[in-house]
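Quick one: the structure is below, and I'll ask about it shortly.
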Amino acid sequence: MCGIVGYIGEKVATPILINGLKKLEYRGYDSAGIAIFDKGNLDVIKCKGRLASLEEKVEKDTPDGTIGIGHTRWATHGEPNDINSHPHISHSGKIAVVHNGIIENYMKLKEFLQSKGFNFVSDTDTEVVAHLVEYHYKGDLVQAVMESINELEGSYALGVICKDCSDVFVAARKDSPLIVGLGKGENFIASDIPAILEYTRDIYILEDKEVVVLKKDEVQVFNIHGAEVKKDIFHVNWDVAAAEKSGYEHFMMKEMCEEPKVIRDTINPRIKDGKIVLDDIKITPEDLKNIEKVYIVACGTAYHAGVVGKYIIEKLARIPVEVDVASEFRYRDPLVGDKNLVIIISQSGETIDTLFALRESKKRGARVLSIVNVVGSSIARESHDVLYTWAGPEIAVASTKAYNTQLAALYLVALDFAYKKGTMDEEAYARTIEELKNLPAALEQVLANKEVIQKFASQHYNAKSTFFIGRGLDYALSMEGSLKLKEISYIHSEAYAGGELKHGTIALIEKGTLVICPMTQESLLEKMISNIKEVKARGAVVLAITQERNKEVEKAADIVVYVPDVDSLIAPVVAVTPMQLFAYYMAVEKGCDVDKPRNLAKSVTVE
Ligand code: AGP
């Protein structure tokens, strides 16, 4: 996620901004910049790369103004380069803006502003905000910001500085975090507490659509209608390490709790007028007619997302799909050619096995669509088309939110293909899109009920082996649940198709064996209940995960974790989170290093 810092006071702003951005480096970024109000001018210094590169540029000519905004960019729209880095400047150079989030309607606003003669220089959504504020600016910066954010759709945390304003700057937020630091003769804004902790521990936590006006001796907060809002001061007593995790004990928990937001960020911008629009990916109905089979190729968690992808693309778009782990695919002389689409999935976009599988596919004439979380990564750059998962940086080695957004991206692809091939009726298409838009709320409910899972983990963390069993989409989900548990708690586990137990595995079930059953597929519920009875008859302890409507599961399982009544087709996006939480709590109970499990790296860039 991007990092924002702003300062107004008596001190030179530049070092405070850069120091604050350094405290936000953990959030991940690929470019950085600052804008300083200095004697009636806006000095903007920005560049691709690390903060050290920015510091080198700043040292050559350090602005000595006492008002400024700074930014570290995690690229979403537009690859990492100097032009796309923030701050962005308005048409006349009068306004500078930094932004964290995604402006979903930026294309429409861009066209409007261009029709008014505003020239754009970057590929970003953020630049729209700089020009829009200038468009509304008639001498009152606060008013201009309020009118602008009224026209924005999507998520934003904004810092806005103006050449005419020598004693004030403005900030606002919706869906992306932003806090106000309250100092003595100085005030701050930041995306997160660590950036300002050494200057003040007294903060305002801004609510959605609040606008804050900062002077060195005064901070005022207004709601979107211009009425002043009385804010309570929150005194931060975290240490810096805790603050980097926004108070969470681990990045993994922080990232699971970000799932509602990142699912919204990944899905909503791709739904326009009730239709799926896969950004600028041009796979036409004609192209789809020539695709005889889709291959999905990835590693680890991304591979497990691909297995879910197989079920949904085949079910909705009726195209045969073959899923392969990248390390196998590239060495098995795959029957891939110009009649195939290869979907490459990768959070980091740098996994070497997956990158080589991509190259092998292109060499054999296949078209490559990648689903990637890092803009400008190797896999993104070498693909014909990229559909980004806007999960933001994922710090914990164990992938959680990125997996959920990979599933979301695959649903978007499956729906788009189904619509273009006419394999889905309008009503089902529209209904499924509505279901996808409700996923963030469903995930909020799951995350609000962690206690059952935490309690179950506290009773069973000494388990020597655990089985994850499911049928259909739940079998695909079981694979991911099993990997999560293994990689962070070091407890051996297996994922099995429920119907496979009687073909051998059930010999391993004995008293106390843990069995986890995602059961979100109504048509297979009875079969899964029979499987639960089979393992319970041999002494297993069973935790089931199912929608609230499936009360009959309670009669079979020992513990049931309910998820909201989402449609079975999209249930994986919601039902995986209880399994992520289960793995997390088991690892915490065992005292494992949850964020940095032994032997593992966040991105496997070696074979
Ligand atoms: C998942 O929790 C692991 N970190 C690992 O399996 C990971 O999914 C795999 O290495 C693929 O990484 P990628 O998505 O960055 O390509």
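The values are calculated or read from the model by the stated rules, or taken from the named source; none is laboratory data. Nothing here was measured: the structure is a model prediction, and the numbers come from that model. For neighbour counting, all protein chains shown are included, and Cβ atoms are generated from backbone atoms with ideal geometry for every residue, glycine included. SASA here: full protein model, heavy atoms, side chains in, ligands and nucleic acids out. Shrake-Rupley method; radii C 1.70, N 1.55, O 1.52, S 1.80 Å.
Specify which residue in the list 587, 475, 519 is farthest towards the positive end of the charge dipole of the range 448-607, using unit charges on the beta carbon of Lys, Arg (+1) and Asp, Glu (-1), about the Cα centre.
587
Students often forget the sequence filter, so: which aspartates and glutamates lie under 15 Å Cα-Cα from residue 464 once same-chain residues fewer than 8 apart are removed?
Output for residue 464: 487, 494, 510, 589.
Next question, about the same structure. Classify the range 180-284: rounded, prolate or oblate, from the alpha-carbon gyration tensor (a ≥ b ≥ c, eigenvalue square roots; a/c under 1.5 rounded; otherwise prolate if a/b is larger than b/c)?
Oblate, since a/c reaches 1.5 and b/c is not below a/b.
OK, next. Less than 16 Å apart at the alpha-carbon level, and either on another chain or at least 8 residues along: which lysines does that give for residue 39?
11, 94, 163
Could I ask something else about it? Tell me, for the chain, which Cys residues have no other cysteine's C-beta sitting closer than 4.7 Å.
2, 47, 257, 299, 517, 592
Quick check on the chain: of the DSSP beta bridges with both residues there, what percent are antiparallel, nearest 5%?
60
Nearest 10 degrees, 0 to 90: what angle lies between the long axis of helix 473-489 and the longest principal axis of the chain (Cα atoms)?
Rounded to the nearest ten degrees, it is 70.
Taking the 0 to 90 degree range and rounding to the nearest ten, how far is the long axis of helix 13-22 tilted relative to the main principal axis of the chain, both from C-alpha atoms?
It is inclined by approximately 10 degrees.
While we're on this one: If amide hydrogens are placed 1.01 Å from N in the peptide plane, which non-local residues have theirs closer than 5 Å to the one on residue 545?
517, 519, 561
Continuing with the same structure: Does anyone have the angle between helix 106-115 and the longest principal axis of the chain? Alpha-carbon axes, 0 to 90°, nearest 10?
So the inclination is approximately 40 degrees.
Moving to a separate point now. Which number comes out as Rg/Rh for the range 346-443 once both Rg and the Kirkwood Rh are worked out on C-alpha atoms?
Reported Rg/Rh (Cα atoms, Kirkwood Rh): 1.02.
Taking the Cα centre of the range 191-286 as origin, sum charge times position over the Cβ atoms of Lys and Arg (+1) and Asp and Glu (-1), and report the length of that vector in debye to the nearest 20.
280
What base-10 log of the normalised intensity I(q)/I(0) is obtained for the range 412-540 from the Debye formula, alpha carbons as equal point scatterers, at q = 0.17 Å⁻¹?
-1.00
Mind putting a number on the dipole of the chain about its Cα centre? Charges go on the C-beta only, +1 for Lys and Arg and -1 for Asp and Glu, and I need it in Debye to the nearest 20.
1140
Further question: Please give the per residue accessible area of the chain, computed with a probe of 1.4 Å over protein heavy atoms only, in Å².
About 37 Å² of surface per residue is accessible.
Work from the charge dipole of the chain (Cβ charges, +1 for Lys and Arg, -1 for Asp and Glu, about the Cα centre) and give the residue of 137, 171, 81 farthest towards its positive end.
81
Moving to a separate point now. When only DSSP loop residues count, what chymotrypsin sites (Phe, Trp or Tyr not before Pro) in the range 293-384 have their Cβ near at most 13 other Cβ atoms within 10 Å?
Answer in residue order: 331.
Among the lysines, which have Cα under 22 Å from the Cα of residue 551 when same-chain residues fewer than 8 positions away are ignored?
450, 455, 527, 533, 536
Another question about this same structure. Got a number for carbon plus sulfur as a percent of the chain's accessible area, 1.4 Å probe?
49
For the range 233-346, give the share of DSSP beta bridges that are antiparallel, in percent and rounded to the nearest 5; count only bridges with both residues there.
Percent antiparallel among DSSP bridges in the range 233-346 is about 15.
Enumerate the calculated ³J(HN,Hα) couplings along the range 195-201 in order (Karplus 6.51 cos²θ - 1.76 cosθ + 1.60, θ = phi - 60°), each rounded to whole Hz, writing x wherever the residue is Gly or Pro.
With coefficients 6.51, -1.76 and 1.60, one gets 5, 10, 4, 6, 9, 7, 10 Hz.
Go through the range 219-224 residue by residue and turn each phi into a ³J(HN,Hα) via Karplus (6.51, -1.76, 1.60, θ = phi - 60°); whole Hz please, and just put x for glycine and proline.
10, 10, 10, 10, 8, 5
Counting only residues 5 or more places away or on other chains, whose amide H sits under 5 Å from the amide H of residue 471 once H atoms are built in the peptide plane?
For residue 471, the qualifying residues are 498.
Roughly how large, in nm² to one decimal, is the mean projection of the convex hull of the alpha-carbon atoms in the chain?
27.6
Suppose R0 equals 45 Å; then what is the FRET efficiency for residue 233 and residue 138 from their Cβ-Cβ distance, rounded to the nearest 0.05?
About 0.85, to the nearest 0.05.
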